[in-house]
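S.K.: I have a structure here, written as structure tokens, and I will follow up with some questions on it.
The values are calculated or read from the model by the stated rules, or taken from the named source; none is laboratory data. Model, not experiment: these values are computed from the prediction. Virtual Cβ from ideal backbone geometry, glycine too; neighbours counted across all protein chains shown. To get the accessible areas, we keep the full protein, side chains included, count just its heavy atoms, and leave off ligands, DNA and RNA. Shrake-Rupley method; radii C 1.70, N 1.55, O 1.52, S 1.80 Å.
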Amino acid sequence: QVQLVESGGGLVQAGGSLRLSCAASGRFFDAHVMGWYRQAPGKERELVGSITEGSTTNYADSVKGRFTISRDNAKKTMYLQMSSLKPEDTAIYYCNAALNKYTYWGQGTQVTVSS
């Protein structure tokens, strides 16, 4: 069982930056593929990016070059560094952990980018 808690969301002006954190509890954090998803009002949840247990990252085209995912296995924490934020980045951001057939979600953190 893995519990995930996101933090770091808030209100920021367009062009600004935010760093989200996802703190995990439970076993085998370093073996999980971790991901960030987001859901904007009226839209489906979409993948922002992911990071494997070996720290290989993958990003949605909409955030490439602006967002960076990293992980600190010793702290059981994943990060999402967001820069050059746009109003269309406004959403609830969710942390996800997956290992074999198991997947876990955090409760989400709101990011609002004003124009």
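S.K.: Inspect region 63-77 for any residue being open to solvent by 60 Å² or more (accessible area, probe 1.4 Å), on the phi > 0 side of the Ramachandran plot and either of a type in the set (Lys, Arg) or in contact (Cβ under 8 Å) with a residue 40 or more places away in the chain (or both) and give the result as yes or no.
M.R.: Yes - at least one qualifying residue is present in region 63-77.
S.K.: Okay, next question. Quick one: would you say LEU11 is surrounded by 14 or more Cβ atoms within 10 Å (Cβ to Cβ), farther than 15 Å from TRP105 by Cα, in contact (Cβ under 8 Å) with a residue 40 or more places away in the chain and not charged (D, E, K, R)?
M.R.: No.
S.K.: Turning to a different aspect of this structure: Any idea which of THR103, THR56 is at pLDDT below 95 and either loosely packed, with under 14 Cβ neighbours inside 10 Å or under 16 Å from VAL2 (Cβ atoms) (or both)?
M.R.: Just one listed residue meets the conditions, THR103.
S.K.: Those residues that are open to solvent by 30 Å² or more (accessible area, probe 1.4 Å) and farther than 17 Å from LEU99 by Cβ, I need them from region 24-46; list them, please.
M.R.: Selection gives GLN39, PRO41, GLY42, LYS43, GLU44, ARG45, GLU46.
S.K.: Out of GLU6, GLU88, GLU53, which single residue is touching a helix residue (DSSP H, G or I) at 6+ places or on another chain (Cβ under 6 Å) and among the charged types (D, E, K, R)?
M.R.: The unique qualifying residue is GLU53.
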